[in-house]
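Below: one structure, written as structure tokens.
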Amino acid sequence: MFRSLLRRSRRPGRSGAFGSGELLLFGTFLAVAAVAVVLVTPSGGLPAASEGGTPQGWVSTPYGPLSPADRDFLVKVRQAGLWEIPTGQQAQQRADSKRVKEVGMHLMTDHLKLDAQVLSVAGQLGVVLPSQASADQQRWMGELSSAFGAEYDRIFANRLRQAHGKVFTAVAAVRSGTRNDLIRSFAQRAVEVVMKHMTLLESTGLVDYTALPEPPAPK
């Protein structure tokens, strides 16, 4: 996916091509991603998990029991970065609104840091992480890649706000119930980042709140 982005950036005269500053930031992401092989190598004799959060069930670690939800949380954080980093970068060229560009930059820089952290945590816990965004995330990136200006701004704000709302629920549940000390600490950081990003996206004034899922009915 990132190779295709880089090839597009080299085509002369193409609208929305990445500038030199963006390529520098993109190179930073590639450098972070390049250490994934080292960071996600299982350590301390922990059983290695295959991509997608297997093996199933609970796993004993030096930091406490690791649940399937804990592993899925790490996968979700990794995949969030795999689409939000290039999308935040793309917004610098495609967006019309200055605020949308600023929000995109915040999302990109925060996820570069969070991506390095999730790779480190996964390595310590023996969890293998995906190397590409989910099918939905790739579809959203394709949708954004066909838009410019005000239309881009609207899609950017709403797609990302909807995505952050969904992941926030999952991350908060893990933070609330995990029995693993390492996951608890990282989930705290992830909750803070996701909440920050939802607030930033709402600050664009473009979020359609009627399109967001309704809160669950009280039981």
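Peptides 193-206, 141-154, 111-124: what's the order by average Cβ count within 10 Å, highest mean first?
Numbers: 193-206: 18.1, 141-154: 15.9, 111-124: 20.9.
Descending mean neighbour count gives 111-124, 193-206, 141-154.
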(Q) Cα atoms only: what Rg and Dmax, in Å, come out for segment 48-136? (A) 15.5, 50
**Q.** Alpha carbon convex hull of segment 146-193, volume per residue in cubic angstrom
**A.** 76 Å³
Q | Residue among Phe156, Thr169, Phe186 farthest towards the positive dipole end of segment 153-219, charges placed on Cβ | A | Phe186
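Using 0.36 nm per residue of separation minus the Cα-Cα distance, give me the extension gain between Ser60 and Ser131 in nm, one decimal. Each step should come with its number before you reach the end.
On the way: separation 71, 0.36 × 71 = 25.56 nm, distance 2.51 nm.
Extra length from Ser60 to Ser131 when fully extended: 23.0 nm.
What's the magnitude of the charge dipole for segment 112-188 around its Cα centre, counting Lys and Arg as +1 and Asp and Glu as -1 at the beta-carbon? Answer in Debye, nearest 20.
280 debye
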**Q.** Environment charge of Arg184, counting only residues whose C-beta is closer than 15 Å and scoring Lys/Arg +1, Asp/Glu -1
**A.** +1
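Every read-out reported here was derived from the displayed coordinates using simple, explicitly stated rules and does not represent laboratory data. The shown structure was predicted, so the numbers you read here are calculated from the model rather than taken from an experiment. A quick note on method: Cβ atoms are made from the backbone with ideal geometry, for glycine too, and the neighbour counts reach across all protein chains shown.
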